[in-house]
Amino acid sequence: MLRIYAPATSANLNVGFDSLGVALSPIDGQRLGDVVQIDERDSDFAFRAVGQFTHALPQNMQDNLCYLAYQLFAERLKAQGKNVKPLELTLEKNMPIGSGLGSSACSIVATLVALNEFHDKPFSQEALLKLMGELEGRVSGDVHYDNVAPSFLGGMQLMALAPKICQPLPLFKHWYWVLAYSGICVPTADARRILPSQYDKSTCIQQARAFANFVQACYTQDEAQATNALQDLLAEPYRQHLLPNFAETKAKLLEENALMAGISGSGPTMFAIADSLEKAQACAQIFQQHYLQNENGFVHICQANEQGAQAI
């Protein structure tokens with residue numbers, strides 16, 4: 001038996017649309033992310049799903065991302081002249097779908113890492129990452145790595161230019177990341193569709209300047225410069241109306257305790273960054289009072305997960 005945990009992620013981080021992502025885990029030890037288990041069988045393939053959020057998964061197994069990951073893995077393994085072993089794959093779905101926390105990435109990463117481990121690592125880290133990006137593209141409509149890369153590799157990842165896929169950025173290790181899932185669903189494809197096809201030049205220049213300043217601040221560990229640079233001129237102005245009470249909640253967070261706040265991924269999860277546990281707890285209370293929409297919503301105080309996908 002083999003069990004792989006892939007942590008949740010927050011992508012974009014305001015300033016880095018499709019270019020930044022960080023792996024996060026709750027400080028209370030809960031597994032915010034998916035777990036995939038593989039058990040050896042005598043013959044054939046079997047799949048099952050368990051966990052809190054299985055009700056939102058496709059009813060047809062062949063539409064499930066874990067099954068699609070299995071198919072893609074088997075296809076690429078066969079190209080090497082090898083066949084997949086008989087196995088049972090179990091998805092423990094601990095992530096809400098369409099949450100802005102890398103739910104699809106977690107399933108993809110956990111499945112492909114588990115399959116690769118179970119077959120004695122026929123694929124390199126880079127080859128595996130490319131498979132993850134390919135599958136993520138089937139969900140959102142575009143191949144992108146800002147969720148799969150941090151979930152797989154851990155830490156904060158900067159998407160790079162070809163042929164390199166990504167590279168790690170230094171973390172502000174004392175930061176607490178407060179994640180608040182409102183309880184509603186915002187499909188990634190819909191959130192991408194709402195964005196304009198063109199932006200004016202001044203907006204692009206200002207966003208590029210902020211992005212460059214954030215990256216530089218990570219390397220110099222200049223917290224003030226980093227938080228000042230975490231602005232979103234590309235997505236937040238268009239997506240914020242998809243998130244009920246977003247503007248009011250963000251204003252309260254910034255007035256009281258947060259270094260910065262924004263939309264996690266494509267939403268509806270919000271994130272806030274605090275430089276102490278006390279301030280993070282105050283942010284969590286604001287989220288509880290002003291942002292959660294129903295009983296499905298939740299708030300987690302997290303720190304960066306530097307390990308990424310791992311056996312448990």
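The values are calculated or read from the model by the stated rules, or taken from the named source; none is laboratory data. All of these numbers come straight from a predicted model, not from anything done at the bench. Using ideal geometry, Cβ is built from the backbone for each residue, glycine included, and neighbour counts are taken over all protein chains shown. Surface areas here come from the heavy atoms of the whole protein model, side chains and all, with no ligands, DNA or RNA. Shrake-Rupley method; radii C 1.70, N 1.55, O 1.52, S 1.80 Å.
For the stretch 228-312, which fully contained helices (runs of 4 or more DSSP H) count at least 1 residues that are surrounded by 15 or more Cβ atoms within 10 Å (Cβ to Cβ) and acidic (Asp, Glu)?
Fully inside the stretch 228-312 and qualifying: 236-239.
When you look at residue 139, is it part of a helix (DSSP H, G or I) and open to solvent by 50 Å² or more (accessible area, probe 1.4 Å), yes or no?
Yes, satisfied.
Of everything in the stretch 261-312, what is at pLDDT 95 or above, within 30 Å of residue 125 (Cβ to Cβ) and of a type in the set (S, T, N, Q)? Give them in sequence order.
264, 269, 303, 305, 307, 310
Which condition number does residue 123 fail, the rest of (1) open to solvent by less than 30 Å² (accessible area, probe 1.4 Å); (2) modelled with pLDDT of 95 or more; (3) under 28 Å from residue 245 (Cβ atoms) being met?
The failed condition is (3).
So residue 151 fits all but one of (1) closer than 17 Å to residue 7 by Cβ; (2) modelled with pLDDT of 95 or more; (3) open to solvent by 10 Å² or more (accessible area, probe 1.4 Å); what number is the exception?
In the conditions (1) closer than 17 Å to residue 7 by Cβ; (2) modelled with pLDDT of 95 or more; (3) open to solvent by 10 Å² or more (accessible area, probe 1.4 Å), residue 151 misses (3) alone.
From the list 199, 219, exactly one residue is surrounded by fewer than 19 Cβ atoms within 10 Å (Cβ to Cβ), touching a residue at least 40 places away in the same chain (Cβ under 8 Å), closer than 17 Å to residue 16 by Cα and more than 19 Å from the chain's Cα centre (by Cα). Which is it?
Checking each option against the conditions leaves just 219.
If you go through the stretch 254-312, how many residues are among the charged types (D, E, K, R) and under 18 Å from residue 155 (Cβ atoms)?
Within the stretch 254-312, residues that are among the charged types (D, E, K, R) and under 18 Å from residue 155 (Cβ atoms) number 1.
Kindly check whether there is at least one residue in the stretch 106-124 that is under 20 Å from the mean Cα position of the chain (by Cα) and of a type in the set (Ser, Thr, Tyr).
yes
Search the stretch 88-108 for residues that are touching a residue at least 40 places away in the same chain (Cβ under 8 Å) and more than 11 Å from residue 65 (Cβ to Cβ) and pair each with any residue that is among the aliphatic types (A, V, I, L, M) and surrounded by fewer than 24 Cβ atoms within 10 Å (Cβ to Cβ) when their beta-carbon atoms are under 6 Å apart and the residues are at least 6 apart or on different chains.
Final answer for the pair search is 88/46; 89/38; 92/35; 92/50; 98/186.
So which residues in the stretch 159-185 are under 24 Å from residue 116 (Cβ atoms) and buried (at least 17 other Cβ atoms within 10 Å of the Cβ), if there are any at all?
Within the stretch 159-185, 159, 165, 166 meet the criteria.
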